[in-house]
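Working notes, structure below.
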Amino acid sequence: MCSLPVPQEPLRRVAVTGGTHGNEMSGVYLVRQWLRTPVDLQRPSFSAVPVLANPAATAVCRRYIGRDLNRTFTSTFLTSKATPDELYEVTRARELNHLLGPKNSSQAFDFILDLHNTTANMGTCFILNVTDTFAMHLCHYLQLQNSEPPSRVLVIEASEDTTFSVDSVAKHGMTVELGPQPQGVLRADLFSRMRSLVASVLDFIELFNQGAAFPAFEMEVYKFLGCMDFPRSEDGDLAGMVHPQLQDQDFEPVQPGAPIFQLFSGEDMLYEGDSTMYPLFINEAAYYEKNIAFMKSKKLTVSIPALPVLTPNPTPLT
Amino acid sequence: MEKPIKKIAIFGGTHGNELTGVFLVKHWLRDGAEIQRTGLEVKPFITNPRAVEKCMRYIDCDLNRVFDLENLGKKMSEDLPYEVRRAQEINHLFGPKDSKGSYDIIFDLHNTTSNMGCTLILEDSKNDFLIQMFHYIKTSLAPLSCNVYLIEHPSLKYATTRSIAKYPVGIEVGPQPQGVLRADILDQMRKMIKHALDFIHHFNDGKEFPPCTIEAYKIMEKVDFPRNENGEVAAIIHPNLQDQDWKPLHPGDPVFVTLDGKTIPLGGDHTVYPVFVNEAAYYEKKEAFAKATKLTLNAKRIRSSFH
């Protein structure tokens, strides 16, 4: 898979989105705070724009109104003609695409950072497209700047026409997930961690804009492989739950034969794969309706090439 | 001497996104062997099926606040909120409230996002039978801790779903996010119900329970988040208070931290015990936590009148 082009010029148009899911409170409250006091998002070479992505869902403290906004930035939805009875998030995705995009165009924002929470014990996790070399450098920088608690990187492999998330509207982007935090709850520890992560993201962009060098490196990442549903009865209802030995063990290796579910009748269900798997988003509240008990990933090391070094004051070409 | 217990109900899904009770009750509706006891009628029941289906706390209003005589006496009409109509149905099936025909005991199963552990909720501090039951459950669960929360208060007591029974029992286990089912929490709630049913079984069998005392926490006051001029939350639970339910909180201890980092301490001049710290469902009820006071409850000896 070929890499996304790396930026050859300073990033000027940067957005930080929160409330993409209206009940993930860290981003909701940070964005509201920045809308009142935008100074925290200012750097010498640019000012990031705070965006409350799903205001209607945020107002009622729900993930979404009609459908998951963070699955709606596909070309099908973005180019569809507005109809009176379309779902709220389809309209909203088009608005955001107008504001921050258009997706896949030269007018699109340079970078979108999208802020999320999970009920799973994911700690600090960055989710991005492995081909986005600029964002991979950003993760590397964040890991060095914020080593406690450790952060992990989840990469997805997607081409431009299969991406669907808010941050895919910009030329470069990344999702930050902090957990565990229940939906509708704001925890002070996660709130301050997210605030300092966002500050580091903006610092990195500023450093890049100022011509700092970011050499090649190798990095351990988790690569998304697929999803695992709960055990279910014939009528589709849950027949069991995440096994107590798997609960809260996100990113810890699961071997074939390890217990992964416990049925209400008391029996255990074992993992039937044929190799070590790393589970993610274990028991995330929002994924029950998506038929996902957890995601499976593999751990691997990736090599990321150096970023181009920008000239602070580029001399015009003759 | 008290009459033996005959009819028991176990309610789940009074709040549709508190999943432990929802799935325990659904499981017992399919296979109720573990909740059956000789001579007892034990009925598992989903109280708010529409909210369960949508995995929301409620559809129109909080079902666990509408079992007052005014709402239960309203003329049935399609214009009433769904939960008021449902409350009347439940009152018809398991009540009527304050009548001879009502169920003897209702256990209502709840979860909280707060770090409350196993909690038994008591509505009346003079109820010898329930204090004896709670003493039995606490003793049987040990070393697992189980606290008793007393909601007897002239203005803060609320009209619970379970209040239609002669002996209402609230069971609250946390922390568990809304819409999530945790195996460890489910196991704890299952044990609480098992011990409660065992107690009733022993009581009906004629076992005598000598006088006992339990420690309890009685609600004193609800505390809202500090808010700005638009009514929005301006300060959140301080990290030192987060997850510290039931732990003594002294005057001067940090309670809130404003969004720009200033600490707000506890005022007043006496130690309180915080409960329901940072419960998701209480943001809209303007409750960041509740202050409780610690006290001892006494129960007289009880024995079933059959023996």
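The values are calculated or read from the model by the stated rules, or taken from the named source; none is laboratory data. These numbers come from a predicted model, not from an experiment. Cβ: placed from backbone, ideal geometry, glycine included. Neighbour counts: every protein chain shown. These accessible areas exclude ligands, DNA and RNA; they are computed on the full protein's heavy atoms, side chains included. Shrake-Rupley method; radii C 1.70, N 1.55, O 1.52, S 1.80 Å.
Give the average, rounded to an integer, of partner chain Cβ atoms located within 10 angstrom of each Cβ in A:243-249.
On the way: counts 1, 6, 1, 1, 5, 2, 0.
Counting Cβ atoms of other protein chains within 10 Å of each residue's Cβ and averaging gives 2.
Taking 0.36 nm per residue of sequence separation and subtracting the Cα-Cα distance, how much length would be gained by fully extending the chain between A:E86 and A:A199, in nm to one decimal? Show your work: numbers first, answer last.
Numbers: separation 113, 0.36 × 113 = 40.68 nm, distance 3.69 nm.
The A:E86-A:A199 span can extend by a further 37.0 nm.
In Å and from the alpha-carbon atoms only, list the Rg and Dmax of chain B.
Cα radius of gyration and Dmax of chain B are 19.6, 66 Å respectively.
Restricting to Cα atoms and excluding each atom paired with itself, what does the Kirkwood estimate give for segment A:52-158 in Å? Each step should come with its number before you reach the end.
On the way: mean 1/r = 0.0628 Å⁻¹.
It works out to 15.9 Å.
Cross-link candidates for B:K6: which aspartates and glutamates have Cα within less than 14 Å, leaving aside residues fewer than 8 places away along the same chain?
Within reach: B:E41, B:D104, B:D198, B:D205.
Per-residue Cβ counts within 10 Å, from other chains only, averaged over B:237-247: what number is that? Write out the running numbers ahead of the final one.
On the way: counts 4, 1, 6, 1, 1, 4, 2, 0, 0, 0, 0.
Neighbouring Cβ atoms belonging to other protein chains average 2 per residue here.
Hey, for a label at A:L225 modelled as a point 7 Å past Cα toward Cβ, could you say which residues of segment A:273-293 have their backbone N under 13 Å away?
From segment A:273-293, the list is A:273-280.
Alpha carbons only, please: Rg and Dmax for segment B:221-290, in angstrom.
Calculated on Cα positions, Rg and Dmax stand at 11.4, 32 Å.
Under 13 Å Cα to Cα from B:K194, which aspartates and glutamates show up? Leave out anything in the same chain fewer than 8 places away.
B:E34
Keeping every protein chain present and rolling a 1.4 Å probe, give me the accessible area per residue for segment B:7-216 in Å². Kindly include the intermediate steps, with their values, before the conclusion.
Details: 7660 Å² over 210 residues.
Spelled out: the 1.4 Å probe surface of segment B:7-216, per residue, equals 36 Å².
Antiparallel DSSP bridges in the protein assembly as shown: what percent, to the nearest 5? Each step should come with its number before you reach the end.
Details: 57 of 105 bridges.
Of the beta bridges lying entirely in the protein assembly as shown, close to 55 percent run antiparallel.
Once all Cα-Cα distances of segment B:1-55 are split into 5 Å bins that start at 0, what whole-number percent is in each one?
Here the calculated profile for segment B:1-55 is 5, 20, 26, 18, 14, 9, 6, 2, 1, 0.
Would you mind getting the Kirkwood hydrodynamic radius of segment B:3-118 from its Cα pairs, rounded to one decimal in Å?
Numbers: mean 1/r = 0.0665 Å⁻¹.
This gives a value of 15.0 Å.
Kirkwood Rh and Cα-based Rg: tell me the resulting Rg over Rh for segment B:61-213, rounded to two decimals. Present the calculation step by step, with values, prior to reporting the outcome.
Details: Rg = 16.4 Å, Rh = 16.7 Å.
Computed over Cα atoms, the ratio is 0.99.
Pop out a list of residues from segment B:175-192 that are at least 20 Å² less accessible with all the protein chains around than in their chain alone; 1.4 Å probe, no ligands or nucleic acids counted.
B:P177, B:Q178, B:G179, B:V180, B:L181, B:R182, B:A183, B:L186, B:R190
Can you compute the modelled spin-label distance between A:D274 and B:N298, with each label point 7 Å from Cα toward Cβ, in nm?
Going from the A:D274 label point to the B:N298 one covers 7.2 nm.
Using θ = phi - 60° and the Karplus curve 6.51 cos²θ - 1.76 cosθ + 1.60, what whole-Hz ³J(HN,Hα) does each residue of segment B:6-13 get, with Gly and Pro shown as x?
Listing the rounded values in order: 10, 10, 10, 10, 10, 9, x, x Hz.
Might you tell me the accessible area per residue for segment B:221-290, computed with a 1.4 Å probe and given in Å²? Spell out each step's value before the answer.
Working: 3040 Å² over 70 residues.
Averaged over the residues of segment B:221-290, the accessible area is 43 Å².
Kirkwood-based Rg over Rh for segment A:203-277 (C-alpha set), two decimals? It would help to have the intermediate numbers written out before the result.
On the way: Rg = 20.1 Å, Rh = 15.8 Å.
Ratio of gyration radius to Kirkwood radius for segment A:203-277: 1.27.
Can you grab the distance from the C-alpha centre of segment B:167-215 to the C-alpha centre of segment A:229-277, Å, no decimals?
Computed from Cα coordinates, the inter-centre distance equals 27 Å.
I need two numbers for the protein assembly as shown: Rg to one decimal and Dmax as a whole number, Cα atoms only, in Å.
Taking only Cα atoms of the protein assembly as shown, I get Rg and Dmax of 27.0, 107 Å.
Please identify every one of the GluC sites (Glu not before Pro) in segment B:29-91 that sits in a loop by DSSP and has no more than 10 other beta carbons within 10 Å of its own beta carbon. Write out the running numbers ahead of the final one.
Details: sites: B:E34, B:E41, B:E53, B:E70, B:E78, B:E83, B:E89; in loops: B:E78.
Listed in order of number, the matching sites are B:E78.
Label points 7 Å out from Cα along the Cβ direction at B:L156 and A:Q255: separation in nm?
About 5.1 nm, to one decimal.
Tell me the accessible surface of A:C61 in square angstrom (1.4 angstrom probe, heavy atoms of protein chains only), to the nearest ten.
Roll a 1.4 Å probe over it and A:C61 shows about 50 Å².
Put B:H238, B:H250 in order of accessible area, largest first, 1.4 Å probe: what do you get?
Solvent-accessible surface, decreasing: B:H250, B:H238.
Report the label-to-label distance for B:I264 and B:E2 in nanometres (one decimal), using points 7 Å from each Cα along the Cα→Cβ vector.
Using points 7 Å along Cα→Cβ, the separation is 4.2 nm.
What list of ³J(HN,Hα) values in whole Hz, one per residue of segment B:227-235 in order, does the Karplus curve 6.51 cos²θ - 1.76 cosθ + 1.60 (θ = phi - 60°) give from phi, with Gly and Pro shown as x?
Result, rounded to whole Hz: 10, 8, 5, 8, x, 7, 4, 10, 8.
How much of the accessible area of segment B:7-216, probe 1.4 Å, is carbon plus sulfur, in whole percent? Walk me through the numbers on the way to the answer.
On the way: 3990 of 7660 Å².
For segment B:7-216, the apolar C and S fraction of the accessible surface comes to 52 percent.
Given the pairs B:K126/B:K291; B:K3/B:K100; B:K100/B:K138; B:K74/B:K126, which are separated by over 23 angstrom at their Cα positions? Intermediate results must be reported in sequence, preceding the final value.
Numbers: B:K126/B:K291 21 Å; B:K3/B:K100 13 Å; B:K100/B:K138 30 Å; B:K74/B:K126 31 Å.
Listed pairs above 23 Å: B:K100/B:K138; B:K74/B:K126.
I'd like the mean, over residues of A:260-266, of how many other protein chain beta carbons sit within 10 Å of each residue's own Cβ.
Values: counts 0, 1, 3, 1, 11, 3, 1.
Across the residues of A:260-266, the mean count of other-chain Cβ atoms within 10 Å is 3.
Accessible area lost on pairing B with A, both sides, 1.4 Å probe, Å² to nearest 100?
Working: alone 13690 and 14640 Å², together 25830 Å².
Chain pair B/A: roughly 2500 Å² of buried accessible area.
Would you please give the residues with an amide H less than 5 Å from that of B:V148, counting only those at least 5 places away or on a separate chain, with H modeled from the backbone geometry?
HN-HN under 5 Å from B:V148: B:L120, B:Y217.
What Kirkwood radius, in Å to one decimal, follows from the Cα pairs of segment A:226-317?
On the way: mean 1/r = 0.0642 Å⁻¹.
Across segment A:226-317, the inverse of the average 1/r is 15.6 Å.
Would you calculate a helix-derived [θ] at 222 nm for chain B, using -39,500 (n - 2.57) for each DSSP H run of n ≥ 4 and dividing by the full residue count, to the nearest 500? Present the calculation step by step, with values, prior to reporting the outcome.
Numbers: 6 runs with 71 residues, N = 307.
The per-residue figure over chain B is -7000 deg cm²/dmol.
If you wrap a convex hull around the Cα atoms of chain A, how much volume per residue is inside, in Å³? Don't skip to the answer; put the middle values down first.
On the way: hull volume 49.0 nm³, N = 318.
Hull volume normalised by residue count: 154 Å³.
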